[in-house]
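Working notes, structure below.
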Amino acid sequence: MDDKSEDRVIDVYRRHGADWAKLRGTRLAEGPWLDRFCALLPANADILDIGCGSGMPIAHHLLRRGFQVTGVDAAPEMLALFHANLPGCPTRLADMRHLALGHRFAGLLAWDSFFHLSADDQRGMFQRFRAHAAPNAALLSTSGPA
């Protein structure tokens, strides 16, 4: 995927994000993966949710477990849904490929977002992850071409 392809993905979420969020629903199919991720984190840890979407159900689940979540998404429409679902949680409008928050997190999550990137951009993201990872941070992501 080139930048234009990835920009088209962002545009799809801008135009159809609310429909996607309805289809996604609140069922947490990722529970076992999130349990393993959370077991690596200290209590009340700060988690960066990269490509957070609507915040449902993943960020919501993490908040209920006592973690602090900061959501990042490239589509302002998705961040609006995140705010509606999880009022008070901090968010940032940013393309993950250019992420530079100046803050480190105990956990980094890029679930169902990272795979939208080309293989080259996925490799490049590890510098972004490193820049936002506190010592001994945990990373949970989905990767590959789809």
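Dipole magnitude for segment 69-146: computed about the Cα centre from +1 point charges on Lys and Arg Cβ and -1 point charges on Asp and Glu Cβ, it is near 320 debye. For the chain, the 222 nm mean residue ellipticity estimated from helices alone, with every DSSP H stretch of n ≥ 4 adding -39500 (n - 2.57) and the total spread over all residues, rounds to -13500 deg cm²/dmol.
For segment 29-146, rounded, prolate or oblate, judged on the Cα gyration tensor with a ≥ b ≥ c (square roots of eigenvalues), a/c < 1.5 rounded, else prolate if a/b > b/c? Before the final figure, lay out each step's value.
On the way: a/c = 1.34, a/b = 1.12, b/c = 1.20.
Taking the square roots of the gyration eigenvalues as a ≥ b ≥ c, segment 29-146 is rounded.
Out of residues 5 or more away from LEU139 or on other chains, whose amide H comes under 5 Å of its own, with H placed 1.01 Å from N in the peptide plane? Excluding prolines and chain starts, which carry no amide H, the hits are LEU108. When the Cα positions of LEU34, LEU86, PRO135 are compared along the charge dipole of segment 31-146, PRO135 comes out farthest toward the positive end, with charges on each C-beta of Lys, Arg, Asp and Glu. Note on the chain: GNM, Cα springs under 10 Å; of HIS103, HIS83, HIS61, the largest mean-square fluctuation is that of HIS103.
Among the trypsin sites (Lys or Arg not before Pro) within segment 92-146, those in coil by DSSP and having at most 15 neighbouring Cβ atoms inside 10 Å are ARG104.
Placing +1 on the Cβ of every Lys and Arg and -1 on the Cβ of every Asp and Glu, with nothing else charged, gives the chain a dipole about its Cα centre of roughly 360 debye. Mean separation of Cα pairs under 8 Å and 6 or more residues apart, divided by the residue count, gives the chain a relative contact order of 25 percent.
Any read-out appearing in this document is the output of simple, stated calculations on the displayed coordinates, not a laboratory observation. No experiment lies behind these values; they were computed from the predicted model shown. Every residue, glycine as well, gets a Cβ built from its backbone with ideal geometry; the counts of neighbours run over all protein chains shown.
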